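Following: one structure in structure tokens, then a few remarks.
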Amino acid sequence: MRNKMRNSEQLYKALSERILILDGAMGTMLQRYKFEEEDYRGDRFKDWKYPVKGNNDLLSLTQPQAIEEVHKKYLEAGADIIETNTFSGTTIAMADYHMEDLVYELNYESAKIARKVCDEYTAINPDKPRFVAGSIGPTNRTASLSPDVNDPGYRAITFDELRVAYKQQCEALLEGGSDILLVETIFDTLNAKAALFAIDEIQEERGITIPIMVSGTITDASGRTLSGQTADAFLISVSHLNLLSVGFNCALGANQLTPYLETLAHHSEFYISAYPNAGLPNAFGKYDETPEDMAGQIKEYVEKGLINIIGGCCGTTPDHIKAIADLVAQYPPRKLRELI
């Protein structure tokens, strides 16, 4: 507990001094390994009855050296915050692979891998402490929208089911060594509120304060999340907790995200985070934006004083993160409580 408190103090101190760098895409990097079904299975799951290829979270158990290598590449590129490989680490998402019983282990071991490499790099340079953010994805079900166009009142999941699933994930992430809990890629704010409720339960039960990052997703040029909220409405919906940061990630490139970050920066008392995609996907679903192009667009964020935490989402690599880190090192972080 003493170490956890010290890490939290170091985190807030670092945020007051500079713009912190979040890592880039895990999935983009894992694609380079060209893992096949047998690689995902490893020895332990070689007789699993169901296909598991594509379950990237499972690689923390079957290919942990690859996960460690990716984390190290982002740390070498300048990342201050490393996300755990747990984007789909709930019983809800793992049901696709019939691996619900593995959820605690997946999150715990993923956090341990990230903790290990972060501690190694902090030991090398104690003046640049590295932090672990437990990644909490949105799940593949939504509490606000019906998956059946013929039955708009139907819901495939309840708030309480989400709360229970998120709580299990969060407890494992904390026990594995996470400094931060990152509720990310939020397309349905009701799902996020279930995660935040679960985290608040843990805070009360354990008598601790957990640094919480919240990151929503603006899905298209309408400027709204998938469940229909504007940036302002999203901010209001998650501001009931004392968050570390609020921001946006995914779906859009850096240029397209700027006006929504301006909204958050002008109305929020929290730190602001952003980790856009490497542009918009091309016709083949690939991301073509170079590190230099992406950094050039992010320059507008820092010139306008919009951000405290910056990283990359889909299509970004250590080269993108290095270019961004080199750029933002020249600029001060956004100041808190400069509200308009």
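The values are calculated or read from the model by the stated rules, or taken from the named source; none is laboratory data. Keep in mind that what you see is a predicted model, and the values were worked out from it rather than measured. Cβ sites come from the backbone with ideal geometry, for glycine too, and all protein chains shown count toward neighbours. Note: areas computed on protein heavy atoms with side chains; ligands, DNA, RNA excluded. Shrake-Rupley method; radii C 1.70, N 1.55, O 1.52, S 1.80 Å.
Annotations
- Scanning region 273-315 for residues that are under 20 Å from GLY78 (Cα atoms) and at pLDDT below 95 yields a total of 0.
- Test: residue in region 135-146 that is touching a strand residue (DSSP E or B) at 6+ places or on another chain (Cβ under 9 Å), hydrophobic (A, V, I, L, M, F, W, C) and in contact (Cβ under 8 Å) with a residue 60 or more places away in the chain: no
- Here LYS46 passes the criteria (1) within 30 Å of GLY253 (Cα to Cα); (2) touching an Asp or Glu at 6+ places or on another chain (Cβ under 8 Å); (3) not in a helix (DSSP H, G or I) except the one numbered (1).
- Residues that are among the polar types (S, T, N, Q) and open to solvent by less than 40 Å² (accessible area, probe 1.4 Å), drawn from region 286-303: GLN297
- Yes/no for LYS112 being open to solvent by 20 Å² or more (accessible area, probe 1.4 Å) and assigned to a helix (DSSP H, G or I): yes
- Residues satisfying the stated conditions in region 204-254, i.e. open to solvent by less than 30 Å² (accessible area, probe 1.4 Å), assigned to a loop (DSSP other than H, G, I, E, B) and over 20 Å from PHE87 (Cβ atoms): GLY223, LEU241
- Tallying residues that are crowded, with 24+ Cβ neighbours inside 10 Å and under 22 Å from LYS116 (Cα atoms) within region 148-171 yields 2.
- Looking across region 255-282, the residues that are assigned to a helix (DSSP H, G or I) and under 17 Å from the mean Cα position of the chain (by Cα) come down to LEU257, LEU261.
- Pairs where the first residue, in region 13-31, is farther than 15 Å from VAL302 by Cβ and the second is among the charged types (D, E, K, R) and open to solvent by 10 Å² or more (accessible area, probe 1.4 Å), C-beta under 8 Å, 6+ apart: ASP23/GLU83; MET26/GLU83; MET29/LYS73
- Under the condition of being in a helix (DSSP H, G or I), within 30 Å of LYS128 (Cβ to Cβ) and of a type in the set (Phe, Trp, Tyr), the residues counted in region 50-108 number 2.
- Within region 23-72, if we keep just the residues that are of a type in the set (Val, Ile, Thr) and within 23 Å of ALA323 (Cβ to Cβ), the residue that is most open to solvent (accessible area, probe 1.4 Å) turns out to be THR28.
- Number of positions in region 200-245 that are more than 21 Å from ILE307 (Cα to Cα) and of a type in the set (Lys, Arg): 1
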